[in-house]
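> Before I ask anything, here is the structure I am working with.
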Amino acid sequence: MHKVYVNLLSHVYQRQGRYPAAGEIVSAESRNTGLGIARLARARGEGFQRAGQAAGVAGVRHGRVAHPPESWKNIYKKINKKEKQLGICSAIAATRRKDLIIKRGHKIGGLSDFPIVVSNDIESISKTKDLQKALVALGLEEDLIRVRLSHKPRSGTSRRRGRRAHSGISALVVVEKDENLGRLSGSVTGVEVTTVQRLSVLDLMPGSKPIRLTIFSQNAIEKLKDVKAPVLRIMEMMRNK
């Protein structure tokens, strides 16, 4: 599961790098020995502030970066189809492990049976307050409070770039169709909604930590019967023969 998570996460990375000549577009040369100064390349000229300052080398003011990130570096990690399928099947199977859910930090109260399976009525919810009432009725009020208390505003660079606040992660609701409920994904802090078709290891174990508290609708459970690990498919083929 960890390998699949890491490889899939690399698919959303944005390439970044530096201009290859950054910090080197300057007329600078070393003054050699005998002057009682370090033999660094220095900006040529005189009578202005930049003249005589170290330039064009790493480790100096306004100089180049020693080992900058390169935009041509290969950051896309491939994953075999069967490995990917085995990873998602393993993550789905892990949603029934109460010990892993508690270890991740979820507050489950008196719940004992996992994953949580609810009726198909949850797919018709179209208002945030109704979704919140449904989650409280399932016994997840304590977990919602935990996430709400973890909501913290940020400052500095992250705030300027749109990441204004950080909060914990609560339940994941998996449905067959998200025409109504899908619009509410993220409306309740920490709660996300997805379909069986879009279900990924990235959803089930954020931060590569298994496993997230998951709620399935009955339609979603029926749809999951089509999701099988490669090993089970091979066994079925052998039985049919």
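> With +1 assigned to the C-beta of every Lys and Arg and -1 to the C-beta of every Asp and Glu, and no other charges, what is the dipole magnitude of the range 1-84 about the Cα centre in debye, to the nearest 20?
Numbers: 16 positive and 5 negative charges, 111 e Å.
Computed charge dipole of the range 1-84: roughly 540 debye.
> Let me ask something else about it. Amide H to amide H under 5 Å from Ser30: which residues, 5+ apart in sequence or cross-chain, H placed 1.01 Å off N in plane?
Here the answer is Arg42, since their amide H atoms fall under 5 Å of that of Ser30.
> Which entry in [x] 29, 21, 19; [y] 39, 20, 16; [z] 53, 25, 15 is this structure's computed semi-axes √(5λ) of the Cα gyration tensor in Å?
The calculated read-out lines up with [z].
> Nothing charged except the Cβ atoms of Lys and Arg (+1) and of Asp and Glu (-1): what's the magnitude of the dipole of the range 103-236 about its Cα centre? Round to the nearest 20 debye. Intermediate results must be reported in sequence, preceding the final value.
Numbers: 24 positive and 15 negative charges, 230 e Å.
My answer is approximately 1100 debye.
> Test of the criteria: in the range 125-189, which trypsin sites (Lys or Arg not before Pro) are in a DSSP loop and have at most 13 other Cβ atoms within 10 angstrom of their Cβ? Spell out each step's value before the answer.
On the way: sites: Lys127, Lys129, Lys133, Arg146, Arg148, Arg154, Arg159, Arg160, Arg161, Arg163, Arg164, Lys177, Arg183; in loops: Lys127, Arg154, Arg161, Arg163, Arg164, Lys177.
Here the sparse-neighbourhood loop sites are Lys127, Arg154, Arg161, Arg163, Arg164.
> Here is a further query. Taking the solvent-accessible surface of protein heavy atoms with a 1.4 Å probe, what is the per residue accessible area of the chain in Å²? Can you show the working numbers first?
On the way: 15760 Å² over 241 residues.
With all protein chains present, the chain gives 65 Å² per residue.
> Shifting gears a bit: If each of Glu83 and Ser126 carries a label point 7 Å out from its Cα toward its Cβ, how far apart are those two points in nm?
4.5
> I would also like to ask the following. Which shape class applies to the range 73-175: rounded if a/c is under 1.5, otherwise prolate when a/b exceeds b/c and oblate if not, where a ≥ b ≥ c are the square roots of the Cα gyration tensor eigenvalues? All intermediate terms of the calculation are to be shown ahead of the outcome.
Details: a/c = 1.72, a/b = 1.07, b/c = 1.61.
Note, shape of the range 73-175 comes out oblate.
> Near the amide H of Ile215, under 5 Å away, which other amide H atoms are found, from residues 5 or more places off or on another chain, if H is placed in the peptide plane?
Answer set, sorted by chain and number: Leu172, Val173, Val174.
> Per residue of the chain, what 222 nm ellipticity follows from adding -39500 (n - 2.57) for every DSSP H run with n ≥ 4, rounded to the nearest 500?
On the way: 9 runs with 74 residues, N = 241.
The helix-only estimate for the chain comes to -8500 deg cm²/dmol at 222 nm.
> In addition: Of all GluC sites (Glu not before Pro) in the range 28-78, which ones are in loop regions per DSSP and have a Cβ with at most 16 other Cβ atoms within 10 Å? Could the numbers behind the result be given before it?
Numbers: sites: Glu29, Glu46, Glu70; in loops: Glu46, Glu70.
Loop-located and lightly packed - Glu46, Glu70.
> Past the 18 Å Cα-Cα mark, which pairs from Lys3/Lys81; Lys98/Lys209; Lys177/Lys223; Lys3/Lys73; Lys107/Lys129; Lys3/Lys209? Mind dumping the intermediate values first?
Details: Lys3/Lys81 13 Å; Lys98/Lys209 14 Å; Lys177/Lys223 11 Å; Lys3/Lys73 20 Å; Lys107/Lys129 21 Å; Lys3/Lys209 12 Å.
As for pairs spanning more than 18 Å Cα to Cα, those are Lys3/Lys73; Lys107/Lys129.
> Please list Lys209, Lys103 from largest to smallest accessible area, probe radius 1.4 Å, with all protein chains kept in place.
Working: Lys209 130, Lys103 170 Å².
The most accessible residue leads, giving Lys103, Lys209.
> What number results when the radius of gyration of the range 22-66, computed over Cα atoms, is divided by 2.2 N^0.38 Å? Each step should come with its number before you reach the end.
Numbers: Rg = 10.2 Å, N = 45, 2.2 N^0.38 = 9.3 Å.
Taking N as the residue count of the range 22-66, the ratio is 1.09.
> Search the structure for amide H atoms under 5 Å from the amide H of Gln53, placed 1.01 Å from N in the peptide plane, and list their residues when 5 or more places away or on another chain.
Ala43
> Tell me, what % of the accessible area of the range 142-241 is carbon and sulfur with a 1.4 angstrom probe? Present the calculation step by step, with values, prior to reporting the outcome.
Details: 2920 of 5930 Å².
The computed percentage sits at 49.
> Which shape class applies to the range 78-123: rounded if a/c is under 1.5, otherwise prolate when a/b exceeds b/c and oblate if not, where a ≥ b ≥ c are the square roots of the Cα gyration tensor eigenvalues? Show your work: numbers first, answer last.
Details: a/c = 3.09, a/b = 1.56, b/c = 1.98.
Oblate, since a/c reaches 1.5 and b/c is not below a/b.
> Apply the Karplus parameterisation 6.51 cos²θ - 1.76 cosθ + 1.60, with θ equal to phi minus 60°, to every residue of the range 211-224 and state each ³J(HN,Hα) to the nearest whole Hz, in sequence, with x for glycine and proline.
9, 7, 5, 10, 10, 10, 7, 4, 5, 5, 4, 5, 5, 5
The values are calculated or read from the model by the stated rules, or taken from the named source; none is laboratory data. Note that this is a predicted model, so its numbers are computed, not measured. Ideal geometry is used to build each Cβ from the backbone, glycine not excepted, and the neighbour counts take in all protein chains shown. With ligands, DNA and RNA removed, areas are computed over all heavy atoms of the protein, side chains included. Shrake-Rupley method; radii C 1.70, N 1.55, O 1.52, S 1.80 Å.
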